[in-house]
1. Of the numbered conditions (1) crowded, with 19+ Cβ neighbours inside 10 Å; (2) over 15 Å from the mean Cα position of the chain (by Cα); (3) touching a residue at least 60 places away in the same chain (Cβ under 8 Å), residue 300 fails exactly one; give the number of that condition.
2. Determine whether residue 248 is free of Cβ contacts under 8 Å to residues at least 24 places away in the same chain and of a type outside the set (Phe, Trp, Tyr).
3. Tally the residues that are closer than 30 Å to residue 307 by Cβ, at pLDDT 90 or above and of a type in the set (Val, Ile, Thr), restricting the search to region 192-240.
4. Quick check on residue 126: is it in contact with a Cys (Cβ under 7 Å, 6 or more places away or on another chain), in contact (Cβ under 8 Å) with a residue 24 or more places away in the chain, under 20 Å from residue 267 (Cβ atoms) and assigned to a helix (DSSP H, G or I)?
5. Quick one: residue 239 ticks every box in (1) in a helix (DSSP H, G or I); (2) surrounded by fewer than 18 Cβ atoms within 10 Å (Cβ to Cβ) bar one, so which box is it?
6. Within the bounds of region 257-270, is there any residue that is surrounded by fewer than 17 Cβ atoms within 10 Å (Cβ to Cβ) and not in a helix (DSSP H, G or I)?
7. State which residue pairs qualify: first residue in a helix (DSSP H, G or I) and inside region 338-359, second residue of a type in the set (Asp, Glu) in any location, beta carbons under 7 Å apart, and separation of 6 or more residues or different chains.
Amino acid sequence: MTDHDHRQRTAHQGASPRLILVLALVCGAAVGNVYFPQAVSPLVASGLGVSPDAAAAVVTATQFGYAAGIWLLVPLGDRLPHRPLLVALLTVTGLGLLAASAAPGLVPLVGASALVGVTTVVAPLAGPLAARLVPKERLGVTGGTLLSGSLAGMLLSRTVGGALGDWLGWRAPYVLAAALSLAVAALSARLLPRTVPPSAQRYPALLAEPLRLLRTEALLRRSCLYQALVFAGFSAVWTGVAPLLTGPVYGRGTGAVGLLALVNAVTMVCTPVAGRRVDRHGPDAVNRVCFLVVGVSAAVLALGGLGGAVGIAALVVGTLLLDVGMQSGMVANQVRIQTLRAEVRSRLTTAYMTCAYLGGAVGSWLGMRAYGRFGWPGVCVLVAALTAVALTRHLCATGRRSATRRTAGRFRRSAAPATRAAGPTMAARAAVTSREETP
């Protein structure tokens with residue numbers, strides 16, 4: 001047994017269900033920092049005396065900061081031990097949230113929000129860590145569990161942030177988030193395992209590697225495109241739903257945004273199920289279903305502009321379908337990239353998550369612009385268009401792969417008599433050629 005095999009076996013033996021749950025909690029605490037500003041954005045606008053469009057810069061800055069943090073910091077997961085890295089990031093995030101809570105104006109708040117986005121990139125680091133701790137056949141269900149934790153943070157942060165903001169003002173959710181980040185940092189310092197980094201590359205080389213992987217790994221590029229497009233639609237909806245619910249159609253407070261998000265907590269149950277489906281049927285089959293679910297959600301959400309009981313029901317069902325489709329698709333995409341090359345998992349995740357959250361940031365911007373110009377129907381059309389692009393690309397990719405497999409199968413059948421006559425060397429060469437022609 002090699003030293004690498006021994007480390008892998010030891011890591012798998014140490015991956016207890018309790019540890020995976022701890023990682024899920026860490027993911028939820030970190031991811032919530034990206035999403036609760038969506039619920040309190042209208043309160044920021046009124047509290048600082050700025051327009052809703054200007055206040056939306058806080059959301060956009062957090063998401064762009066998150067994308068930058070993924071690119072700049074997540075590759076360090078292949079170079080530094082995970083425990084001190086995660087503890088340091090959670091601590092700085094807590095301090096950044098405290099600074100945001102004390103911001104005297106919009107510009108300092110946007111700056112502090114960007115810092116929080118950069119440093120709250122714990123979930124993209126937890127995924128590769130968990131992948132090192134579990135066997136390959138459990139990657140899907142483990143990824144689904146971590147994503148359930150992230151989703152819980154996403155939903156609860158909106159719910160608690162909106163309700164607390166209505167009660168105590170927009171600064172209170174930032175204080176609570178800061179306390180939670182610092183508490184989770186202390187928990188992580190105590191419970192996360194020690195790990196040995198798989199790479200000794202210098203930091204500039206680590207930063208360059210995701211670009212090279214995007215250039216050389218076709219499956220990585222495909223996963224990045226899928227998630228960027230679907231997450232753009234997801235962010236557009238959750239950015240646009242706040243002014244919809246607080247505007248003249250419904251006339252609700254920001255707590256209504258949080259309650260709507262809380263209804264979708266059922267999605268937390270769906271992601272481990274999606275993970276099991278990925279383990280059983282592969283990522284492509286799950287992606288195809290998810291695109292169809294998100295497309296249906298856009299049609300259902302369009303009815304949300306009607307207002308009243310029908311509109312509320314449409315928003316509940318539509319956002320539930322959207323959440324299930326987006327999150328389950330993320331499980332499929334992450335399993336696809338985690339099985340490419342084990343020694344560069346953090347850098348693969350860097351490329352994937354950067355593309356995903358750049359898509360989310362652009363989606364938030366497009367969603368606010370679409371809402372401002374066309375109202376809620378414009379947001380729904382945007383979601384439908386983005387999903388159509390992703391589904392078209394998926395059908396083209398899987399269609400080409402099926403055609404290649406059929407061609408390779410015909411080649412093997414026609415070459416079988418000749419390879420048997422020519423001996424094992426020719427047979428081996430034909431098999432290698434067939435594998436090289438299959439994406």
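The values are calculated or read from the model by the stated rules, or taken from the named source; none is laboratory data. What you see is a predicted model; the values in this text were computed from it and never measured. We place every Cβ from the backbone using ideal geometry, glycine too, and count neighbours over all the protein chains shown.
1. (3)
2. Working: free of Cβ contacts under 8 Å to residues at least 24 places away in the same chain: yes; of a type outside the set (Phe, Trp, Tyr): yes.
Against the criterion (free of Cβ contacts under 8 Å to residues at least 24 places away in the same chain and of a type outside the set (Phe, Trp, Tyr)), residue 248 qualifies.
3. Counting residues in region 192-240 that are closer than 30 Å to residue 307 by Cβ, at pLDDT 90 or above and of a type in the set (Val, Ile, Thr) gives 2.
4. Details: in contact with a Cys (Cβ under 7 Å, 6 or more places away or on another chain): yes; in contact (Cβ under 8 Å) with a residue 24 or more places away in the chain: yes; under 20 Å from residue 267 (Cβ atoms): yes; assigned to a helix (DSSP H, G or I): yes.
Yes.
5. Here residue 239 clears every test but (2).
6. Among the residues of region 257-270, not one is surrounded by fewer than 17 Cβ atoms within 10 Å (Cβ to Cβ) and not in a helix (DSSP H, G or I), which makes the answer no.
7. What qualifies is 344/78; 344/209; 346/78; 347/78; 347/209.
Condition check ((1) outside the structural domain of residue 295 (by TED's automatic domain parsing); (2) over 22 Å from residue 251 (Cβ atoms); (3) modelled with pLDDT of 85 or more) across all residues:
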residue	(1), (2), (3)
319	no, no, yes
326	no, yes, yes
335	no, yes, yes
344	no, yes, no
350	no, yes, yes
353	no, yes, no
360	no, yes, yes
365	no, yes, yes
